[in-house]
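The values are calculated or read from the model by the stated rules, or taken from the named source; none is laboratory data. Computed from a predicted model, the values in this text were never measured in an experiment. Neighbour counts run over all protein chains shown; Cβ positions are idealised from the backbone, glycine included.
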């Protein structure tokens with residue numbers, strides 16, 4: 001490990017100055033801003049930036065809570081088992097119960113102590129060692145969290161305050177059939193058909209910088225309701241899990257110059273279920289239409305994305321018009337908004353940094 005990865009403890013004046021900067025940058029997130037306690041107070045510890053993915057269904061949110069199972073709580077337990085001492089973990093973005101993450105980012109300070117000579121400090125673990133060891137313990141605890149990347153960063157590099165941009169995805173599945181158990185708690189099931197074009201028009205009303213008071217939950221602690229949505233759109237995508245049909249497989253084989261049935265003894269029409277003598281299929285689910293809403297900004301208000309998606313869904317079903325969305329935005333009161341979308345369809349997709 002190179003020397004430039006270890007950083008001495010800042011003096012008190014520097015800590016105070018950094019804390020003030022952190023508070024300014026931290027206003028881009030909805031929660032209260034913590035003070036110097038989040039800065040590394042141990043000059044012998046190495047700070048790691050840790051990217052994680054998780055299924056949020058069985059978590060009571062990401063932030064640690066005294067009695068409930070949380071993402072940070074499980075992650076801290078895995079680190080404790082790895083290094084033999086408790087750690088404190090800070091996330092870049094807080095997610096509610098049931099919300100998933102393709103990539104959330106946190107930081108943790110680890111002091112590597114010798115087991116043979118208690119008190120002796122050893123060189124920091126390589127990032128790859130941290131990732132493999134922590135994942136080993138995470139997989140023994142239900143396996144719904146995984147570390148996907150680790151990097152050494154300076155002792156004053158903060159996962160939350162250094163985040164430059166956050167992207168969320170929201171999945172909606174439209175169709176009258178009940179939702180597949182493979183999609184349970186992974187999307188919002190909307191039985192009605194959705195008008196994609198109208199939803200896209202509503203997105204154009206909401207993108208950009210606005211006072212989003214109407215799309216801000218009552219418990220929001222942000223000082224200002226003004227946020228800038230750098231990207232806000234909706235598109236239709238293939239529903240998942242996706243498996244190719246016989247026609248798609250045949251086309252792929254033809255493109256490769258192969259006989260489409262060369263590797264199969266089946267010459268009749270194949271389906272995902274059982275084909276009857278009358279050409280009908282049994283046991284085949286009709287696919288839902290899948291729509292994904294993308295929201296990208298430096299930071300979001302509390303429940304902002306879910307409230308926005310709730311309005312978009314109402315536009316898609318015809319319950320609201322695009323003009324109604326404009327009216328809700330201008331009303332500047334959350335009481336004007338439609339009920340927010342459920343947590344199960346929301347995914348924290350990426351957190352962007354300028355890494356040192």
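Data for the structure
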read-out: Residue match in the stretch 84-92 (condition: within 19 Å of residue 355 (Cα to Cα), at pLDDT below 95 and either in contact with a helix residue (DSSP H, G or I) (Cβ under 7 Å, 6 or more places away or on another chain) or loosely packed, with under 13 Cβ neighbours inside 10 Å (or both)); value: no
read-out: Residue in the stretch 135-143 that is over 23 Å from the mean Cα position of the chain (by Cα) and part of a helix (DSSP H, G or I) present; value: no
read-out: Some residue of the stretch 168-176 being under 20 Å from residue 329 (Cβ atoms) and assigned to a strand (DSSP E or B); value: yes
read-out: Condition broken by residue 105, with the remaining ones in (1) crowded, with 20+ Cβ neighbours inside 10 Å; (2) in contact with a helix residue (DSSP H, G or I) (Cβ under 8 Å, 6 or more places away or on another chain) satisfied; value: (2)
read-out: Exclusive hit being in the same structural domain as residue 341 (by TED's automatic domain parsing), modelled with pLDDT of 95 or more and part of a loop (DSSP other than H, G, I, E, B), set 192, 201; value: 192
read-out: Any hit, the stretch 98-114, residues being part of a loop (DSSP other than H, G, I, E, B) and closer than 26 Å to residue 170 by Cβ; value: yes
read-out: Complete set of residues in the stretch 285-325 that are within 16 Å of residue 228 (Cα to Cα) and surrounded by fewer than 21 Cβ atoms within 10 Å (Cβ to Cβ); value: 294, 296, 298, 299, 302
read-out: Residue that is farthest from residue 313 (Cα to Cα), among those in the stretch 207-218 that are surrounded by fewer than 21 Cβ atoms within 10 Å (Cβ to Cβ) and within 21 Å of the chain's Cα centre (by Cα); value: 217
read-out: Tally, over the stretch 208-232, of residues that are touching a strand residue (DSSP E or B) at 6+ places or on another chain (Cβ under 8 Å), within 17 Å of residue 331 (Cα to Cα) and assigned to a loop (DSSP other than H, G, I, E, B); value: 2
read-out: Residue 85, sole failed condition from (1) without any contact (Cβ under 8 Å) to a residue 40 or more places away in the chain; (2) part of a strand (DSSP E or B); value: (2)
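Every residue, every condition in (1) at positive phi; (2) modelled with pLDDT under 95; (3) under 24 Å from the mean Cα position of the chain (by Cα); (4) not assigned by TED's automatic domain parsing to the domain that holds residue 57, yes or no:
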site: 305; (1), (2), (3), (4): no, no, yes, yes
site: 309; (1), (2), (3), (4): no, no, yes, yes
site: 312; (1), (2), (3), (4): no, no, yes, yes
site: 317; (1), (2), (3), (4): no, no, no, yes
site: 326; (1), (2), (3), (4): no, no, no, yes
site: 335; (1), (2), (3), (4): no, yes, no, yes
site: 342; (1), (2), (3), (4): no, no, yes, yes
site: 346; (1), (2), (3), (4): no, no, yes, yes
